[in-house]
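Here's the structure we're looking at; comments come further down.
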Amino acid sequence: MAQNHSGTEHSAGRTDSTRRSFLASAGVVGGLAMAGCLESEADEEASLSGTIDVAGSSTVFPLMSAVLEKFEKEYLPEEYPDAEVETNISSTGSGGGFADHFCPGNTDFNNASRPIKEEEEQLCADNGVEYIELVAATDALTVVVNNDNDFATEMTVEELAQIWESDAASTWNEVNSDWPEEPIERYGAADTSGTYDYFISNVQGEDRGHTDDYQATEQDNTIVEGVSGSEYAIGYFGFAYYYQNPDTVTAVAIDDGDGPVEPSLETASAGEYTPLSRKLYTYPSMESLGKEHIAEFSRYFLEQTTNEELVAGDVGYVPSTEETKEAQMETLENAIEEAQG
């Protein structure tokens, strides 16, 4: 899936605005000096141009898409009215993004629903691609069943593992004898997805792997459609997709040993929804941060990670804390200084 977007406040914008207010109120600047100042600012605004290319995680996709849209439609017209910035985003899966787009040097950002892997780090190094890691939000990875399913609305982690491991159960009653003898129809993330990797690491374990007997996709809406259309179906994806479809499918409460816990912004934030709460990331390349329009968007993106209305209300993830944002902003500014130095 790809989208093209045609952009509220950050420190550079505030500095510019404050300077303009001071000059206007002081009344001591001559006409020629003011004209020169305006011409300089216009040159600065006009210089903010180029493309922003993003690939990677389908889980991070709705959040990054929302921020890109605000950047293009709200921020740029206000702060850089003469900017010419084009944004492009593709949902390729975390691994697919790293392998096919970001590490070969073809995109500016890679979104990921798990940290970059060692082999991906090596691929980036082999291609001379340097990057930094930024936390985008916290997700409550959500397991869903059909709304007519009244038997498996709560599951232990072990039951979940039996459904998704390499040697997976074929029928529901093989997992739990109280469940019907009906075939399990599975919909889940493709093996290029960070969600797929996270599920193996935190549910089945590497030794038990992941079944091939399922409908694999990078399009989470396809999982929603599949599960909603079959009484004995099950699927999993990022919480945002359940948040946007709460009446279409039923979220499964997961029992990690302390009783079943439903996925929600509150349980994920409190650390109660285990083991399926996880950090979401985006990785900007150092080379891209050397471009002013990429640096500007990166700052804006981090500012938005604490925007509760956007991150939680519109998308359905847990926003970052102010402390996390400020620490990451320092990391980002250091990287921008290095890239543009």
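A few comments on the model shown:
- Segment 131-175, residues that are in contact with an Asp or Glu (Cβ under 6 Å, 6 or more places away or on another chain) and surrounded by fewer than 21 Cβ atoms within 10 Å (Cβ to Cβ): Asp148, Thr156, Val157, Thr171, Asn173
- Scanning segment 47-89 for residues that are open to solvent by less than 10 Å² (accessible area, probe 1.4 Å) and part of a loop (DSSP other than H, G, I, E, B) gives Leu48, Ser57, Ser58, Thr59, Val60.
- Checking each residue in segment 298-341 for being open to solvent by 30 Å² or more (accessible area, probe 1.4 Å), among the β-branched types (Val, Ile, Thr) and touching a Leu at 6+ places or on another chain (Cβ under 8 Å) picks out only Thr331.
- Residue check, Ala83 within 30 Å of Gly271 (Cα to Cα) and of a type in the set (A, V, I, L, M): no
- Leading residue by the ranking (farthest from the chain's Cα centre (by Cα)) among those in segment 173-199 that are among the small types (Gly, Ala, Ser) and assigned to a strand (DSSP E or B): Gly188
- Residues being under 27 Å from Ala136 (Cα atoms) and open to solvent by 40 Å² or more (accessible area, probe 1.4 Å) - total across segment 208-224: 4
- When Thr107, Thr92 are checked against the criterion of being modelled with pLDDT under 95, surrounded by 22 or more Cβ atoms within 10 Å (Cβ to Cβ) and not in a helix (DSSP H, G or I), Thr92 stands alone in meeting it.
- Subset of segment 246-269 (residues that are open to solvent by 60 Å² or more (accessible area, probe 1.4 Å), farther than 20 Å from Tyr317 by Cα and of a type in the set (Asp, Glu)): Asp256, Asp258
- Residues of segment 304-328 that turn out to be part of a helix (DSSP H, G or I) and not acidic (Asp, Glu), as a count: 10
- The set of residues in segment 270-285 being crowded, with 16+ Cβ neighbours inside 10 Å and either hydrophobic (A, V, I, L, M, F, W, C) or on the phi > 0 side of the Ramachandran plot (or both) consists of Leu276, Leu280.
- Any hit, segment 149-156, residues being of a type in the set (Asp, Glu) and in a helix (DSSP H, G or I): no
- In the set (1) of a type outside the set (D, E, K, R); (2) crowded, with 22+ Cβ neighbours inside 10 Å; (3) over 14 Å from Asn149 (Cβ atoms), Tyr243 fails one condition alone, (2).
The values are calculated or read from the model by the stated rules, or taken from the named source; none is laboratory data. Fair warning: this is a prediction, and the values are worked out from it, not measured in the lab. Heads up, the Cβs are rebuilt from the backbone with ideal geometry, glycines too, and the neighbour counts pull from every protein chain shown. To get the accessible areas, we keep the full protein, side chains included, count just its heavy atoms, and leave off ligands, DNA and RNA. Shrake-Rupley method; radii C 1.70, N 1.55, O 1.52, S 1.80 Å.
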